[in-house]
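Trainee: Below you will find the structure I want to go over with you.
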Amino acid sequence: MESLKNLLGRSLRRAGAEKQVRAVEVIDVATRVLTALFGDLSVSMKPTSYKEGVLKVRCSNSVCGQELLLRESEVIARMKREAHIEVKRILVQ
């Protein structure tokens, strides 16, 4: 009997939804990492999309955007360490 995990993964690939599901997972992890690293400031940061290694984050003000860019490598490293997610760069919107 095939495991549910294998069956679900194969079904997602067949339906072409695997990339979309992965993007949602990355956005969820990014939200948790931003909250852990930035605390109250994270309410001004909203991860919006992930594609080909680029995580887009909408910031409500320029201070928030600059702080995120200053700590970009820290955010990327933490996402890789905690969830094995490869983010090449963060794009602030």
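Trainee: Taking the simple approach of a point 7 Å from Cα along Cα-to-Cβ for both Ser62 and Ser3, what is their distance in nm?
Mentor: 5.1 nm
Trainee: Take Lys80 and Ser49, extend 7 Å from each Cα along the Cα→Cβ direction, and tell me the distance between the two endpoints in nm.
Mentor: Here the modelled spin labels are 2.5 nm apart.
Here, each number is a calculation from the coordinates, and none is a lab measurement. Being a predicted model, the structure only gives us computed values, none of them experimental. With ideal geometry, Cβ positions are generated from the backbone for all residues, glycine too; neighbour counts draw on all protein chains shown.
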